[in-house]
């Protein structure tokens with residue numbers, strides 16, 4: 001019988017999240033890794049994984065469709081979902097930054113055009129600095145916006161900075177550090193306390209194993 005449903009952010013974080021959960025004892029059968037199914041039970045049958053876009057993880061968990069999930073802090077900051085965040089995970093480390101061709105960009109006056117996939121984070125950041133901005137929301141390739149004249153700067157997630165450098169951009173400011181978080185639905189935390197607590201302890205143990213035996217780099221480079 002399935003005890004908990006776990007939402008996994010597809011893409012950049014997925015491989016590391018599955019590796020961590022495997023160390024915690026939640027393993028998928030070999031054929032499941034090759035499947036295109038988006039809802040799969042682990043080998044024990046106690047856990048069901050659902051694979052969804054990162055921005056959808058807080059939605060599914062907040063509404064109780066998933067009991068818990070693994071997703072980046074950047075997504076949580078942008079969503080402002082009402083979730084419990086009992087664990088900070090040692091995977092998916094990156095930064096949310098302001099980047100532009102000119103590092104002195106924000107020293108002047110006037111309206112800045114900011115291209116981003118994170119409109120809430122960007123608006124809050126510049127609002128706190130008293131800088132008027134026009135937010136241009138994009139779904140991908142935000143680095144092109146300053147290059148082609150669509151925006152003065154970008155707010156984006158950066159891991160190594162290689163993509164920024166290749167497009168002639170520099171980091172102006174770091175808004176926040178980000179890594180993966182283990183999030184839990186508030187009702188599930190109460191109603192399924194025994195199962196959630198057991199899973200949290202298993203994930204903690206898996207994290208300790210990662211510190212002892214660091215994993216090889218997984219996934220594509222970001223920013």
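We did not get these values from a lab; they are worked out from the coordinates using the rules stated. Model, not experiment: these values are computed from the prediction. When we count neighbours, we look across all protein chains shown, and the Cβ atoms used for this are built from the backbone with ideal geometry, even at glycine.
Principal-axis analysis of the Cα atoms of the chain puts helix 193-212 at an angle of about 70° to the longest axis.
May I ask for the Rg/Rh ratio of segment 1-73, computed from Cα atoms with Rh as the Kirkwood radius, given to two decimals? Could the numbers behind the result be given before it?
On the way: Rg = 11.3 Å, Rh = 12.2 Å.
Radius of gyration over Kirkwood radius for segment 1-73 works out to 0.93.
DSSP beta bridges fully contained in the chain are about 60 percent antiparallel. Neighbour counting of Cβ atoms within 10 Å sorts the residues 36, 23, fewest neighbours leading, into 36, 23. Take every Cα pair under 8 Å whose residues are at least 6 apart in sequence, average their separation, divide by the length of segment 94-178, and the relative contact order is 51 percent.
Legend: calculated FRET efficiency, residue 39 to residue 170, from the Cβ-Cβ distance at R0 = 45 Å, rounded to 0.05, equals 0.60. Between the helical axis of 119-128 and the longest alpha-carbon principal axis of the chain there is an angle of about 50 degrees. By the gyration tensor of its Cα atoms, with a ≥ b ≥ c the square roots of the eigenvalues, what is the shape of segment 94-178: rounded for a/c under 1.5, prolate for a/b over b/c, or oblate? Rounded shape, in that the Cα axes give a/c under 1.5. Taking 104, 167, 185 in turn, the Gaussian network model of the chain (Cα-Cα springs below 10 Å) assigns the largest fluctuation to 104. With respect to the chain, whose longest principal axis is taken over its alpha-carbon atoms, helix 14-23 is tilted by about 30°.
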